[in-house]
Amino acid sequence: MQSKALTLTAFGLDNITLTSSELAAPGPDEVVVDLHAASLNYRDLMVTLGTYNPKLEMPRILGSDAAGIVTAVGNDVTRFKPGDHVASLFFQDWLDGEFSAATGKSALGGPIDGTFATAKLFPEDGLIHAPDYLSHEEAATLPCAALTAWNALIEKGHLIAGQTVLILGTGGVSLFALQIAKLHGARVIVTSSSDEKLQRARALGADDTINYRTTPDWDTEVFNLTGKRGVDHVVEVGGAGTLPRSLKAVRPSGHVHLIGVLSDPGAGVDVRPILGKSIFLNGVYVGSSAMFTRMNAAFEHARLKPVIDRTFPLSEAKAAFKHLQSGSHFGKVVLSLKD
Ligand SMILES: NC(=O)c1ccc[n+]([C@@H]2O[C@H](COP(=O)([O-])OP(=O)(O)OC[C@H]3O[C@@H](n4cnc5c(N)ncnc54)[C@H](OP(=O)(O)O)[C@@H]3O)[C@@H](O)[C@H]2O)c1
């Protein structure tokens, strides 16, 4: 079977090329997947620009997640059969338990080849059944963005109904965090650079919204909105540039889930509020297969629909990257792998 793939040959958006190769027959524990859709994650942009891992080995096939249909399985494969609708796992060998150094080496589209391809061989453990009610495009948004938000708030954060969650921005991870928090009965405050996006966040269930451009002291606004108590959880996708305000916005003994690095590094982080307010800092790195299974069960029950901003054909991948880079999107940007 022939596979076309988006391959990075040197850092920079101009160095993504479409390559073609013949897939080997599946080994005993391998599964061949005809990939239909993948989603773009901010990480893929960082990988491409060289800011994720300046020592990335190339050529490297890009892509952190995908969904498709199984076309063939090796003799020892028991969980999948041809025709199954599947999604990839971000960490190909993180089945359950805690994150380990070895786990980090199995991340798609970084240390190993990724998913922006028309077909791919996966180890059986590197796949999961996709929820039946979702299209390929929708299922492809789950393995990285959705699972990260789920791991932060539910698996590690133990979100409780009635708690208040502060969500920064309206990108892929953030909108899944909004949907997951509402699913669990939380009050949600969303920040964004755009009033129009904030209106759309309200339509998705956000209870309160703050424009962080027109209200640069958004932490004070959060404080006021919570009766000067602070929020129980912050979904921190900004990183060093937003963390100082997130530390102010969280309540004593609250949780700050450290997920992203979207903001400028800022002037350095004063660690004293972390001690003085006894804050739980939660470093999150996507999630395991077991977490993905639990998330899918919750999503299926709620019929939760991922928010897709726009879908680009594989041949327009560069335009898709530029769209993500512009920050004008709301939710997920998707690549259709079937032009
Ligand atoms: N740790 C992990 O496992 C993990 C997993 C997935 C993603 N990430 C990281 O999480 C971050 C988000 O990823 P993503 O794929 O969801 O990105 P994305 O979809 O590209 O989200 C970008 C959005 O973030 C918002 N944003 C940008 N700068 C901001 C700032 N200074 N303050 C508040 N919001 C800001 C903007 O929303 P508005 O337009 O509404 O302002 C922007 O549109 C990235 O840094 C990514 O690397 C980490």
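The values are calculated or read from the model by the stated rules, or taken from the named source; none is laboratory data. Every value quoted in this text rests on a predicted model; they were computed, and no experiment measured them. Because the Cβ atoms are built from the backbone with ideal geometry, glycine has one as well, and the counts that use them run over all protein chains shown. Surface accessibility is based on the protein's heavy atoms, side chains included, excluding ligands, DNA and RNA. Shrake-Rupley method; radii C 1.70, N 1.55, O 1.52, S 1.80 Å.
Only strands (runs of 3 or more DSSP E) wholly contained in segment 1-83 count here; list those with 2 or more residues that are within 20 Å of the chain's Cα centre (by Cα) and crowded, with 18+ Cβ neighbours inside 10 Å. Break it down stepwise before answering.
Values: elements: 2-8, 16-22, 30-40, 66-73.
In segment 1-83, the matching strands (runs of 3 or more DSSP E) lie at 30-40, 66-73.
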Within segment 144-175, track down each residue that is out of contact with any Asp or Glu (no Cβ under 8 Å at 6 or more places or on another chain), more than 8 Å from the ligand (Cβ to nearest atom) and not aliphatic (A, V, I, L, M).
TRP150, GLU155, LYS156, GLY157, HIS158, GLY162
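Kindly indicate the residue of segment 149-167 that is open to solvent by less than 10 Å² (accessible area, probe 1.4 Å) and out of contact with any Phe, Trp or Tyr (no Cβ under 7 Å at 6 or more places or on another chain) and also farthest from PHE330 (Cα to Cα) among those meeting that condition. Spell out how you get there, then give the answer.
Residues of segment 149-167 open to solvent by less than 10 Å² (accessible area, probe 1.4 Å): 149, 151-153, 157, 165-167.
Right, trim to out of contact with any Phe, Trp or Tyr (no Cβ under 7 Å at 6 or more places or on another chain) and you get 151-153, 157, 165-167.
Values: ASN151: 21, ALA152: 20, LEU153: 20, GLY157: 25, VAL165: 19, LEU166: 17, ILE167: 14 Å.
Applying the filter and picking the extreme gives GLY157.
Of the residues VAL222, VAL231, VAL250, only one is under 22 Å from LEU159 (Cα atoms), within 14 Å of the ligand (Cβ to nearest atom) and open to solvent by less than 50 Å² (accessible area, probe 1.4 Å); which? Steps first, please.
On the way: VAL231 fails: within 14 Å of the ligand (Cβ to nearest atom); VAL250 fails: within 14 Å of the ligand (Cβ to nearest atom).
Step by step, each of VAL222, VAL231, VAL250 is checked, and only VAL222 is under 22 Å from LEU159 (Cα atoms), within 14 Å of the ligand (Cβ to nearest atom) and open to solvent by less than 50 Å² (accessible area, probe 1.4 Å).
Looking at segment 258-275, which of its residues are more than 9 Å from the ligand (Cβ to nearest atom) and either touching a helix residue (DSSP H, G or I) at 6+ places or on another chain (Cβ under 6 Å) or open to solvent by less than 40 Å² (accessible area, probe 1.4 Å) (or both)? Can you show your working first?
We begin by selecting, within segment 258-275, every residue more than 9 Å from the ligand (Cβ to nearest atom); these are 265-275.
Hits for segment 258-275 are PRO265, GLY266, VAL269, PRO273, ILE274.
Residue-wise test of (1) at pLDDT 95 or above; (2) in a helix (DSSP H, G or I).
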residue	(1), (2)
THR214	yes, no
THR220	yes, yes
ASN224	yes, yes
ARG229	yes, no
ALA240	no, yes
PRO252	yes, no
PRO265	no, no
